[in-house]
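The values are calculated or read from the model by the stated rules, or taken from the named source; none is laboratory data. Bear in mind the structure is a predicted one, so any value in this text is a computation, not a measurement. Heads up, the Cβs are rebuilt from the backbone with ideal geometry, glycines too, and the neighbour counts pull from every protein chain shown.
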Amino acid sequence: MSSQPPKHEMVYFPGLTSEVRAFGQFRKVLHTGLYSQLVSMEIPVGGDIGDEVHTVDQVLIFTSGEDRS
């Protein structure tokens, strides 16, 4: 792991929401920036991610299914 801070750059993820994601992992970090992090999560039907605390804004994008918060 690098001791340098993440780059301050724009990153583009083509097709991120255009199809159902299948990474084969519950949680996968796709990108870490200076002020944000993009993480993909595959939550099984009826699954729960538990309580989480974030010190920054969080944006949720659902590509299939439904949620309850």
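Some notes on this structure:
- Failed criterion for G50 (all others in (1) in a loop (DSSP other than H, G, I, E, B); (2) surrounded by 10 or more Cβ atoms within 10 Å (Cβ to Cβ); (3) modelled with pLDDT of 80 or more hold): (2)
- No other residue among L16, L38 is surrounded by 10 or more Cβ atoms within 10 Å (Cβ to Cβ) and at pLDDT below 75 apart from L16.
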